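All of the numbers you see were taken from the coordinates with simple rules; none came from a lab. Computed from a prediction, not measured in an experiment: that's the story for all the values here. Positions of Cβ are generated from backbone atoms using ideal geometry, with glycine treated the same way; all protein chains shown enter the neighbour counts.
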Amino acid sequence: MLNRRGCGILLHPTSLPGPGGIGSIGVDARRFIDLLVAMGMSYWQVLPLTPPACGNSPYSAFSAFGGNPLLIDMEQIRQDGDNEASSGDHYPEDHVDFAAVAVKKMAWLSNAGSTFLRSKETPRTIEFRHFCETTDWLHDFALFMALKNRFHGTGWINWPADAGHITREMHKQYSEELAHEIALQKYIQWQVSKQWQELRRYANERGIAIIGDIPIFVAYDSADVWSHRELFLLDTMGNPTVVAGVPPDYFSATGQFWGNPHYDWDVMERNGYRWWIKRFASVFELFDIVRIDHFRGFEAAWHVAATAKTAIEGRWITGPKEKLFDALQADLGPLAVIAEDLGVITPEVNALRDRYNFPGMKILQFAFDSAGADTDLPHNHVKHGVVYTGTHDNDTTKGWYDALSGAERNEMNAYLGTSGEDGACDMMRAALMSVADTAIIPFQDILKLGSEARMNIPGTPFGNWEWRFSWDMLPQDITTSVRSRIQRYGREPQGEFRYDS
């Protein structure tokens, strides 16, 4: 799918316009897909759709398998007849107030779920029951969330021992005690899944493939760690012995201290990597193509003692390498994957990526500042690759360009042969001209927005992931101007993409 020239837009659904204080997978998402088609795009890239935990980050989720309830379109809930209430609440339109939105929306969804669970048997209740019976991660996740609600949102390590270190007997007892809350959680996950699949089908039928994201690590306070402690490097009390991060890099002089627990790869190898096979199978039910976040961690990952103050104090520990990907492909077949091969990349990481013919990534912002890498310069790009102006972790291209030193701007302008009057436009042109088959442009760059529209600042725990756009930000000529550039550089859609359910 990524072996022909094409272009896509990076935008997380929470950044869409619409009512309710947060972007949803409803009518505005379909309008955005129609915009992509009109611009001549082939791809819509999103961030993880999992339920955000710490700092509202989609990369720190309560489940590696579950969906984000805040993405549910409440209008579709009303059309289903589960909740007739209409929200009169007013929220900011330019950013997400996650705390306010979550309180209101989760209460609304609980009411809708209660209404549905009281209903007589219909084709919808049969569909719901089938979803529950065939989704093997669902019950543990629903129980985890029900227990989290019972214990006032605290992490599982602080729950009473019979819940935090649950036995089979207590698992059954709590499942009976919390049956209604568990059923509500299952209803919510059913709605996320159903609505997303309908949206994906809408996109695919119009020639838009969805690129999703699978973070390499999972959050410590998650259903995954709680229900599968044996798969992680924890002590006898359940505390991590080592946590994930990266050494000093482009974003931080002291490295990044992520805090996610590391996997016990020996245990995973002995059980045939079944958890990973299920995880990849689950994510390919959501997306047509998957970007593996921090791909290099499968070759070797940065292990930091859980008691360390910064990520500098870590060391590289060998990962599963080809053993994992051989197991994945033996079970799932060839993987439609983009390898996020950024950071400290070694020949061994490149060899692992190339062994499976995964396209890697080039970031133009990295090529033109003082900390840049020559490999990101356009003349060093490769055909089988994906070029970005920037990612969700970068500043917007306009914000980045405005912050460059005069010398850096002059060097970039000389390289690109431009005047520098519109740095964001120059960078988009460079991405579209690249020999790389696939170009992905953050929507903020299409709109030429500054740092106020940045999505995430790595290493900062709060104030991220909040940006939203509004339809009135779009220039009147956006479709014609973008499509003409797409066509000029041979990135218009070739043939048709069809949804394969």
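What do you get when you divide the Cα radius of gyration of the chain by 2.2 N^0.38 Å, with N the number of residues?
The chain yields a ratio of 0.97.
In the chain, which helices (entire DSSP H runs) extend 24 Å or more along their own long axis, judged by Cα positions, while averaging at least -0.5 on the Kyte-Doolittle scale? Don't skip to the end; give the middle numbers.
Details: long enough: 98-117 (27 Å, 0.88); 179-205 (39 Å, -1.13).
Answer set is 98-117.
Using helices alone, I'd like the mean residue ellipticity at 222 nm for the chain: each DSSP H run of four-plus residues gives -39500 (n - 2.57), total over residue count, nearest 500. All intermediate terms of the calculation are to be shown ahead of the outcome.
Details: 19 runs with 196 residues, N = 501.
Result for the chain, helices only: -11500 deg cm²/dmol.
Quick one: order S175, S119 by neighbouring beta-carbon count within 10 Å, fewest to most.
Values: S175 15, S119 12.
By the 10 Å Cβ count, ascending, the order reads S119, S175.
With point charges of +1 on the Cβ of Lys and Arg and -1 on the Cβ of Asp and Glu, referenced to the Cα centre of the chain, which listed residue (T375, F144, L432) lies farthest in the positive direction of the dipole?
Of the listed residues, the answer is L432.
If you put +1 on each Lys and Arg Cβ and -1 on each Asp and Glu Cβ, how big is the dipole of the stretch 359-469 around its Cα centre, in Debye rounded to 20? Don't jump to the answer; show the numbers that get you there.
On the way: 8 positive and 15 negative charges, 55 e Å.
Here the stretch 359-469 has a charge dipole of around 260 debye.
Under 26 Å between alpha carbons, and skipping anything fewer than 8 positions from K120 in its own chain: which lysines qualify?
Answer for K120, where 26 Å is the Cα cut-off: K105, K186, K194, listed by chain and number.
From the C-alpha gyration tensor of the stretch 324-405, pull out the three semi-axes of the equivalent ellipsoid (sqrt of 5λ each), sorted largest to smallest, in whole Å. All intermediate terms of the calculation are to be shown ahead of the outcome.
On the way: eigenvalues 168, 34, 22 Å².
In descending order the semi-axes read 29, 13, 11 Å.
Of all GluC sites (Glu not before Pro) in the stretch 30-126, which ones are in loop regions per DSSP and have a Cβ with at most 10 other Cβ atoms within 10 Å? Write out the running numbers ahead of the final one.
Values: sites: E75, E84, E93, E121; in loops: E84, E93, E121.
When the GluC sites (Glu not before Pro) of the stretch 30-126 are filtered for loop state and at most 10 Cβ neighbours within 10 Å, E84, E121 remain.
At a 10 Å Cβ-Cβ cut-off, how would you order Y187, Y356, fewest neighbours first? Could the numbers behind the result be given before it?
Details: Y187 22, Y356 15.
In increasing order of surrounding Cβ atoms, one gets Y356, Y187.
Dipole magnitude of the chain about its Cα centre, charges +1 at Lys/Arg Cβ and -1 at Asp/Glu Cβ only, in debye to the nearest 20? Let's see the in-between values first.
On the way: 46 positive and 64 negative charges, 145 e Å.
Approximately 700 debye in magnitude.
Sorted by packing (mean other beta-carbon atoms within 10 Å per residue), highest first, where do 195-204, 429-438 land? Intermediate results must be reported in sequence, preceding the final value.
On the way: 195-204: 18.6, 429-438: 21.6.
My ranking of the peptides, most packed first, is 429-438, 195-204.
Do the alpha carbons of any pairs in K148/K172; K362/K448; K323/K362; K362/K383; K398/K448 sit beyond 18 Å of each other, and which pairs?
Exceeds cut-off: K362/K448; K323/K362.
Treating cross-link reach as a plain straight distance, find the aspartates and glutamates whose alpha-carbon is under 18 Å from the alpha-carbon of K321, omitting any fewer than eight places away in the same chain.
Filter leaves D264, D266, E269, D293, E299, D331, E340, D341, E348, D354.
Across the stretch 1-157, how large is the tail of the calculated P(r) beyond 28 Å, expressed as a percent of all Cα pairs?
Numbers: 3686 of 12246 pairs.
That fraction is 30 percent.
Find the eigenvalues of the gyration tensor of the Cα atoms of the stretch 359-469, then list the square roots of 5 times those eigenvalues as equivalent ellipsoid semi-axes, largest first, in whole angstrom. Don't jump to the answer; show the numbers that get you there.
On the way: eigenvalues 90, 57, 34 Å².
Largest first, the stretch 359-469 gives 21, 17, 13 Å.
State the answer as a single residue: which of T167, N83, V242 lies farthest towards the positive end of the charge dipole of the chain, with beta carbon charges of +1 for Lys and Arg and -1 for Asp and Glu, about the Cα centre.
The listed residue farthest towards the positive side: N83.
Would you work out the relative contact order for the stretch 359-469, in percent, from Cα pairs under 8 angstrom that are 6 or more residues apart? Don't jump to the answer; show the numbers that get you there.
Values: 174 pairs, mean separation 35.2, N = 111.
Relative contact order here is 32 percent.
For the stretch 174-247, place one equal point scatterer on every Cα, skip the solvent, and apply the Debye formula. What is log10 of I(q)/I(0) at q = 0.11, 0.14, 0.19 Å⁻¹?
-0.54, -0.78, -0.97
Enumerate by residue number the chymotrypsin sites (Phe, Trp or Tyr not before Pro) in the stretch 104-157 meeting two conditions: DSSP loop (anything except H, G, I, E, B), and at most 15 other Cβ atoms within 10 Å of the site's Cβ.
Numbers: sites: W108, F116, F128, F131, W137, F141, F144, F151, W156; in loops: W137, F151.
In loop regions of the stretch 104-157 (DSSP not H, G, I, E or B), the sparsely surrounded chymotrypsin sites (Phe, Trp or Tyr not before Pro) are F151.
Given 25 °C and 0.890 mPa s, compute D for the stretch 1-83 with the Stokes-Einstein relation, Rh being the Kirkwood radius over Cα pairs; round to the nearest whole µm²/s.
Numbers: Rh = 14.2 Å.
Answer from the Stokes-Einstein relation: 172 µm²/s.
If neighbour count is taken as other Cβ atoms inside 10 Å, put D326, D249, D73 in order from fewest to most. It would help to have the intermediate numbers written out before the result.
Working: D326 14, D249 17, D73 23.
By the 10 Å Cβ count, ascending: D326, D249, D73.
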